[in-house]
Amino acid sequence: MAGGAGATGGATPVAAAVAAAVGGTRVRFAPSPTGFLHVGSARAALYNWLYARHTGGIFVLRIEDTDTERNREEWVDGIISSLSWLGMEPDEGPFRQSARTDAYHRAIDTLWEAGALYACGCSRDEIDARTKSNATPGYDGFCRDRGLEREGRALRFKVPEDGTTVVHDLIRGDVVFTHEAIEDFVVVKSSGAPLFVLANVVDDIDMHITHVIRGEDLLPSTPKGLLIWSALEGDDATLPAFAHLPLLVNERRQKLSKRRDDVAVESYQERGYLAAAMRNYLTLLGWSDPQGREILTVEEMVAGFELSEVNHAPAFFDLKKLEWMNKEYLRAMSVDAFIEAARPWLAPDRAPWPPERFDEGVFRTMAPLVQERVGVLGEVPDMVDFLFLERPLVDEGSWEALSKDDSAPAVLDRALAIYRESEWSAETLHSATQALADDLGRKLNKVQAPIRVAVTGRRVGPPLFQSLEVLGREAVLERLGAARERLGGDRG
Ligand code: GLU
């Protein structure tokens, strides 16, 4: 064990190649179910999945649920359904660490018998009291040579005092950790519960993982994993290749945080981002297409993806770019596909109108216009609710704009008169309104604004004259009249 697994293990890529030749690439996504699937974790899952598809290998899903205090069953379901939404079904698993306790205890026995562990009887307070003024933080090795019985005690790994462990990382190159800076870390709690660092390695060994692809927050614990690995498997063990992915940061270059930023994949799904756009966007957070394309089909991503080309600099999670990409995907859909994709947002639990007032035919007529305008599917109801509500939902800002517009009363009065007589088609309504604008000496869009607010309740929406045509004369006249009345009242 002396020297550490990676110290002499300069052959990591070779080892991985050997493993690949024998059994093919095996990668894993190993989330701890302590929350929603984080966008950074989804990116890690995606890079594993892409690499598996690129190499014709196997993508394993492993739920790291050893921390019973922080894990919740609904998070497991949420993670699995977000992965499935993004199109990443595992080839094997989900395996659960909670079902593999026996394997961890066997590994602990092996390590104990090999003299790689020792029992520690120190309490947290005792350790803190002894080490608070030490230059190197961490456990001071107090119990290392005390020969304590293991029963009822935490077990610590004896980290070699000298030497280094080197993590050969496909993205970062060699990262050297001196053993001096690594404390004798705990692998089993005094309760007998194995810790993450041990379970993680035992699983990677048992599951024949060839490439460990994960966030760079796990890089500091990697030498510990490698020390365990070689203590279990010997110094010439076949090690996996490592690829630690760059952090995701927000526009202020801060690490994405649960409290500050929207980080749950589920919330993007809920807001109406398309899975294909989300997947495409996540793929570009650290990797770029050698041909410089930004919109890529899954096949193109799979064909082009290489771990060695992943950038190690933090990747900016740019919401504007994600929205732009989503819009591109929305516009590229057929109208029928758009209607199907929008359907969940038109359902009674999400839409603001009474279900019986929804008219599929009317929605179909408007759909191509809506499709061109929305950034996310969650914006669809706002674009069409005026068609299915008895009265439009007039938002405050829009009403304020209308009531501050001096020409609004005249525009509404004239529109009422003209629309009563006009032939009812978008085209004639357009030219009649243009004539009204000319008459008042105003630009068409200035005249459209109060009409739009009166009829749809909002300042933005689908093209006005098509909207009027679809809504019908009666409802339009009624809404213009109601707005005019409210305006009169406001002014009086
Ligand atoms: N379960 C760990 C986490 O969610 C990941 C472990 C790994 O990928 O090696 O942070």
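Got a sec? Which of ASP140, ASP102, ASP77, ASP67 is out of contact with any strand residue (DSSP E or B) (no Cβ under 9 Å at 6 or more places or on another chain), part of a loop (DSSP other than H, G, I, E, B) and closer than 28 Å to THR210 by Cα?
Checking each option against the conditions leaves just ASP67.
Which pairs have Cβ atoms under 9 Å, sit 6 or more apart or on different chains, and link a residue in segment 252-280 that is more than 14 Å from TRP85 (Cα to Cα) and small (Gly, Ala, Ser) to one that is modelled with pLDDT under 95 and surrounded by fewer than 22 Cβ atoms within 10 Å (Cβ to Cβ)?
SER257/ASN250
Restrict the check to segment 51-63 and report whether at least one residue is near the ligand (Cβ under 9 Å from one of its atoms), in a loop (DSSP other than H, G, I, E, B), in contact (Cβ under 8 Å) with a residue 12 or more places away in the chain and among the β-branched types (Val, Ile, Thr). Steps first, please.
First, the residues of segment 51-63 that are near the ligand (Cβ under 9 Å from one of its atoms): 62-63.
Among the residues that remain, those that are also in a loop (DSSP other than H, G, I, E, B) are: none.
No, segment 51-63 has no match at all.
Inspect segment 459-467 for any residue being within 14 Å of VAL394 (Cα to Cα), part of a helix (DSSP H, G or I) and either in contact with a Leu (Cβ under 8 Å, 6 or more places away or on another chain) or acidic (Asp, Glu) (or both) and give the result as yes or no. Step through it out loud before you land on a result.
From segment 459-467, those within 14 Å of VAL394 (Cα to Cα) are 459-461; that's our starting set.
Now restrict to residues that are part of a helix (DSSP H, G or I): none.
The answer is no; no qualifying residue exists.
Give me the residue from segment 204-236 that is over 25 Å from the mean Cα position of the chain (by Cα) and among the charged types (D, E, K, R) and, out of that set, nearest to the ligand (Cβ to nearest atom).
LYS224
Of a type in the set (Ser, Thr, Tyr) and free of Cβ contacts under 8 Å to residues at least 40 places away in the same chain - does that describe any residue in segment 222-244?
Looking only at segment 222-244, we keep the residues that are of a type in the set (Ser, Thr, Tyr), and these are 222, 230, 238.
Adding the requirement that they be free of Cβ contacts under 8 Å to residues at least 40 places away in the same chain leaves none.
Scanning segment 222-244, I find no residue that is of a type in the set (Ser, Thr, Tyr) and free of Cβ contacts under 8 Å to residues at least 40 places away in the same chain, so the answer is no.
Could you list, in sequence order, the residues of segment 30-44 that are over 14 Å from the mean Cα position of the chain (by Cα), near the ligand (Cβ under 7 Å from one of its atoms) and crowded, with 22+ Cβ neighbours inside 10 Å?
Taking segment 30-44 as the starting set, the residues that turn out to be over 14 Å from the mean Cα position of the chain (by Cα) are 30, 32-34.
Of the ones still in play, those that are also near the ligand (Cβ under 7 Å from one of its atoms) are 30, 32.
Once the filter is applied, which keeps residues that are over 14 Å from the mean Cα position of the chain (by Cα), near the ligand (Cβ under 7 Å from one of its atoms) and crowded, with 22+ Cβ neighbours inside 10 Å, segment 30-44 yields only ALA30.
If you check VAL186 against the conditions, is it more than 29 Å from VAL39 (Cβ to Cβ) and either more than 16 Å from the ligand (Cβ to nearest atom) or of a type outside the set (Phe, Trp, Tyr) (or both)? Outline the logic, then answer.
On the way: more than 29 Å from VAL39 (Cβ to Cβ): yes; either more than 16 Å from the ligand (Cβ to nearest atom) or of a type outside the set (Phe, Trp, Tyr) (or both): yes.
Yes: the conditions hold for VAL186.
Output the residues belonging to segment 172-183 that are within 16 Å of the ligand (Cβ to nearest atom) and surrounded by 21 or more Cβ atoms within 10 Å (Cβ to Cβ).
none
Output the number of residues of segment 292-311 satisfying the condition of being in a loop (DSSP other than H, G, I, E, B), in contact (Cβ under 8 Å) with a residue 60 or more places away in the chain and touching a helix residue (DSSP H, G or I) at 6+ places or on another chain (Cβ under 8 Å).
3
Only one of GLY378, GLY361 is in contact with a Gly (Cβ under 9 Å, 6 or more places away or on another chain) and small (Gly, Ala, Ser); which? Walk me through it before giving the result.
Details: GLY361 fails: in contact with a Gly (Cβ under 9 Å, 6 or more places away or on another chain).
Unique residue meeting the criteria: GLY378.
Considering segment 421-439 alone, what residues qualify as being in a helix (DSSP H, G or I), within 15 Å of GLU469 (Cβ to Cβ) and touching a residue at least 24 places away in the same chain (Cβ under 8 Å)?
Here is the first cut: in segment 421-439, the ones in a helix (DSSP H, G or I) are 421, 426-439.
If we keep only those that are within 15 Å of GLU469 (Cβ to Cβ) too, we end up with 426-433.
Selection gives ALA426, GLU427, LEU429, HIS430, THR433.
Select from segment 157-176 the residues that are farther than 26 Å from TRP287 by Cβ and within 36 Å of the chain's Cα centre (by Cα) and list them in ascending order.
First pass over segment 157-176, keeping only residues farther than 26 Å from TRP287 by Cβ: 157-165.
Result: PHE157, THR164, THR165.
Report yes if ARG442 is in a helix (DSSP H, G or I) and of a type in the set (Lys, Arg), otherwise no. Spell out how you get there, then give the answer.
On the way: in a helix (DSSP H, G or I): no; of a type in the set (Lys, Arg): yes.
Criteria not met by ARG442.
Is it the case that some residue within segment 340-354 is assigned to a helix (DSSP H, G or I) and either β-branched (Val, Ile, Thr) or under 19 Å from LEU468 (Cβ atoms) (or both)?
no
Please name all residue pairs, on different chains or six or more residues apart, with Cβ atoms under 8 Å, provided the first residue is in segment 18-34 and is basic (Lys, Arg) and the second residue is at pLDDT below 65.
Note: pairs meeting the criteria are ARG26/ALA19.
Among the numbered conditions (1) away from the ligand (no atom under 15 Å from the Cβ); (2) among the polar types (S, T, N, Q); (3) under 25 Å from PHE29 (Cβ atoms), tell me where ASN200 comes up short.
(1)
Restricted to segment 366-397, and to residues that are of a type in the set (Gly, Ala, Ser) and in a helix (DSSP H, G or I), which residue is surrounded by the fewest Cβ atoms within 10 Å (Cβ to Cβ)? Please lay out each step first, then the result.
Step one: filter segment 366-397 for residues of a type in the set (Gly, Ala, Ser), giving 367, 375, 378, 397.
Among the residues that remain, those that are also in a helix (DSSP H, G or I) are: 367, 378, 397.
Working: ALA367: 19, GLY378: 18, GLY397: 11.
Among those residues, the one meeting the criterion is GLY397.
The values are calculated or read from the model by the stated rules, or taken from the named source; none is laboratory data. Note that the structure is a prediction, hence the values are computed from the model and not measured. All Cβ positions, even for glycine, are placed from backbone atoms using ideal geometry, and neighbour counts span all protein chains on display.
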